[in-house]
Each structure stands twice: as structure tokens, then as C-alpha cells.
Amino acid sequence: MSTINDIISRNSNSKLKAPHPTDEEMQLVYKAALRAPDHANLKPSRFIEVKGMGLEKLSKIFQKYAQDTITPLSPEKLEKYKNAPFRAPMIIMAISNTKIHKKVPEIEQILSTGAAVQNILNAVHSLGYSAIWRTGVFALNDTIGGYFNLGSNQTILGYIYIGSAASEPKKIKEIEVEDYVKKWD
């Protein structure tokens with residue numbers, strides 16, 4: 001039951017601080033991610049782990065992308081984008097690396113990477129850390145990948161901000177399962 005308890009108690013937390021998971025813990029997290037459902041074993045999920053000086057590199061890419069593509073762009077908004085990577089001590093970029101396949105459509109491969117992200121969130125939580133999956137202007141578009149030298153078949157599905165909780169997690173309401181499930185007997 002501890003696995004179930006970990007899953008149903010997981011909660012996104014936007015206030016994160018050091019420490020983040022160790023390299024050894026992240027090996028477990030990635031192994032969990034790569035156990036996501038994967039039709040035809042195509043392994044469509046890719047990840048870029050960003051920490052330390054990598055956060056500065058990500059900040060520069062966010063700034064450049066914003067200056068190149070977002071109009072109007074206020075100085076306040078640019079500053080927000082510049083500081084975005086520093087909201088956590090570690091960020092995992094989730095990338096769907098789709099392939100042409102006669103039986104596995106692109107959407108199925110994207111969903112597989114989404115399931116991998118969920119596994120990351122659950123694994124990080126089970127290790128005692130906190131995380132939040134963010135998208136926004138730096139994900140889910142055809143332009144941003146070029147700033148990371150990604151291929152045309154690769155899409156950034158989001159950024160998983162990871163660290164230790166810097167605040168109490170928000171209270172989550174009890175879910176009434178009956179509101180979301182219809183049973184056919």
C-alpha cells in the first residue's frame with residue numbers, strides 16, 4: 001500500500017529549494033520514467049537534466065527565445081523569464097522524440113512521454129522531494145526546440161522543477177471518485 005499512498009498523496013509544489021535528488025536517486029527516477037507504457041518499445045522519451053551552471057544556460061536560452069519570438073515583451077516579463085530556471089535547484093526537460101511507425105501514431109508516443117513525466121513526479125515524491133511540471137511559452141511549440149538543437153521530431157512537453165519543499169504543500173481536496181467515473185455493470 002505504500003506505493004498507492006505515495007501516488008495519492010503526491011502534490012505539486014511550486015516553492016522549491018535545495019537539496020535536489022542525488023545522482024544515484026536520479027538513476028532510480030529515470031528508471032521509473034522509462035517504465036512508462038511504450039507501444040512497440042520505441043522509447044520516445046528523452047530528458048535533459050539541468051542543475052548548477054546549467055540553470056544559467058537555460059536562463060539565457062529562455063531570454064533569447066523570448067526576445068526573438070514574444071511581442072510585445074515588457075522588461076518585467078523578460079525578467080520573469082530570465083529568473084524562471086532559478087525557481088528550483090534542478091529542472092528536467094521532458095522531450096518527446098517521435099518516430100514514424102506504421103502501428104504507433106505520434107500522439108501515442110507523446111502520451112508515453114507524458115506517462116514518463118508522471119512516473120518522474122511520483123518517483124521524486126516517493127524519495128521525499130517535491131516537484132512541479134510546468135509548460136507555458138517554452139514548451140509545446142515548434143520553435144523552442146531549435147534553441148536546444150533538437151530535431152524536428154522532438155517536442156518539449158515541459159519542465160519538471162525538482163527540489164525540496166520550501167513551503168507546505170497546498171491542501172488538496174478529497175476527490176469524489178464517483179464524480180469522474182461512470183460504471184457499466
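The values are calculated or read from the model by the stated rules, or taken from the named source; none is laboratory data. In this text the structure is predicted, and so the values were computed from the model without any measurement. A quick note on method: Cβ atoms are made from the backbone with ideal geometry, for glycine too, and the neighbour counts reach across all protein chains shown.
Against the condition of a type outside the set (Val, Ile, Thr), without any contact (Cβ under 8 Å) to a residue 12 or more places away in the chain and surrounded by 11 or more Cβ atoms within 10 Å (Cβ to Cβ), how does residue 146 come out, does it pass? Here the answer is yes, as residue 146 does meet what is asked.
Of all residues in the range 56-83, those being buried (at least 16 other Cβ atoms within 10 Å of the Cβ), free of Cβ contacts under 8 Å to residues at least 40 places away in the same chain and among the small types (Gly, Ala, Ser) number 1. Residues that are crowded, with 21+ Cβ neighbours inside 10 Å and in a helix (DSSP H, G or I) are absent from the range 95-104.
Of the residues examined, residue 158 is not one that is modelled with pLDDT of 95 or more, surrounded by 16 or more Cβ atoms within 10 Å (Cβ to Cβ), touching a Pro at 6+ places or on another chain (Cβ under 8 Å) and not hydroxyl-bearing (Ser, Thr, Tyr). Against the numbered list (1) among the aliphatic types (A, V, I, L, M); (2) within 22 Å of the chain's Cα centre (by Cα); (3) more than 24 Å from residue 23 (Cβ to Cβ); (4) surrounded by 12 or more Cβ atoms within 10 Å (Cβ to Cβ), residue 92 comes up short only at (3).
Of all residues in the range 13-42, those that are in a loop (DSSP other than H, G, I, E, B) and touching a residue at least 40 places away in the same chain (Cβ under 8 Å) total 13.
For every residue, the table says whether it meets (1) within 19 Å of the chain's Cα centre (by Cα); (2) under 21 Å from residue 17 (Cβ atoms); (3) in contact (Cβ under 8 Å) with a residue 24 or more places away in the chain; (4) in a helix (DSSP H, G or I).
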{"site": "108", "(1), (2), (3), (4)": "yes, no, yes, yes"}
{"site": "140", "(1), (2), (3), (4)": "yes, no, no, no"}
{"site": "150", "(1), (2), (3), (4)": "yes, no, yes, no"}
{"site": "155", "(1), (2), (3), (4)": "yes, no, yes, no"}
{"site": "162", "(1), (2), (3), (4)": "yes, yes, yes, no"}
{"site": "182", "(1), (2), (3), (4)": "no, no, no, no"}
{"site": "185", "(1), (2), (3), (4)": "no, no, no, no"}
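Restricting attention to the range 112-138, the residues that are over 12 Å from the mean Cα position of the chain (by Cα) and of a type outside the set (Phe, Trp, Tyr) add up to 8.
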